[in-house]
Amino acid sequence: FNSRFLIISQNDNAKTTCLYHSNPPIGSLMVIDLISLNELPKTLKMIDFPEFLPFHPLGLFIQGEILYVINKVFERKDERIEIFQIIQNSSNDLVLQYLRSLSFGAEYLGIFNDLVALSENRVIITGSFPEPTVSKSSFLRFITPLLMNKFLRKSSFVYDCDISHSTPNCTILDSSDSEMNNGIAFDGVSRILIANTMERRVKVYELNNTK
């Protein structure tokens, strides 16, 4: 978030993606104080976040004081992005003010991994898995698509999403097919960098042009 505070996500991904766990433990967003490194990470309070909504965070991105976080809501068959404002009070404590949600629905369930926000209306999201599947075994949940990508087709993609309306509109980024797109970073000017875990490389894109 700044030179003092590091915000991270915490979630039991194995239990979240396994149907044997009908009520997986709720995840959280946590903060690490880089000045007081002897202290354990603290859970961030989320003000006005809907109580009925499960929270299983994964990738996140901070743009100024705005936090975007992927929420994998398997219980409701929904892949979401939750948007918060980061507030630092006079005591130097951080809290999160919930702003709004973006629902991508079952079509993208379990696919999204990480994201960057290029503006308040556009996000780029990596999709690690080829299709929205949830296996009864967390092991099968991960190994099946990996084998499909490795030996049958490269079907892990990156999504360019317009979020200016209530329903996001996503298209697949040109030449983004790979065995496993994972982390993503934005240089703040014109380039995005996408880590391909299985192929052990980073692909660099110029906005609106593939390199």
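The values are calculated or read from the model by the stated rules, or taken from the named source; none is laboratory data. Computed from a predicted model, the values in this text were never measured in an experiment. Using ideal geometry, Cβ is built from the backbone for each residue, glycine included, and neighbour counts are taken over all protein chains shown. Accessible surface areas use protein heavy atoms only, side chains included; no ligands, DNA or RNA. Shrake-Rupley method; radii C 1.70, N 1.55, O 1.52, S 1.80 Å.
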**Q.** Single condition Ile35 does not satisfy, out of (1) at pLDDT 90 or above; (2) outside any strand (DSSP E or B)
**A.** (1)
**Q.** Subset tally (residues that are assigned to a loop (DSSP other than H, G, I, E, B), open to solvent by 50 Å² or more (accessible area, probe 1.4 Å) and at pLDDT 90 or above) for the stretch 168-211
**A.** 1
Q) Does the stretch 152-162 contain any residue that is modelled with pLDDT under 60 and on the phi < 0 side of the Ramachandran plot? A) yes
Q: Read through the list (1) more than 17 Å from the chain's Cα centre (by Cα); (2) open to solvent by 50 Å² or more (accessible area, probe 1.4 Å), then give the number of the only condition that Leu94 fails.
A: (2)
**Q.** Filter result (at pLDDT 95 or above and either open to solvent by 20 Å² or more (accessible area, probe 1.4 Å) or under 25 Å from Ser175 (Cβ atoms) (or both)) within the stretch 81-91
**A.** Ile81, Gln85, Ile87
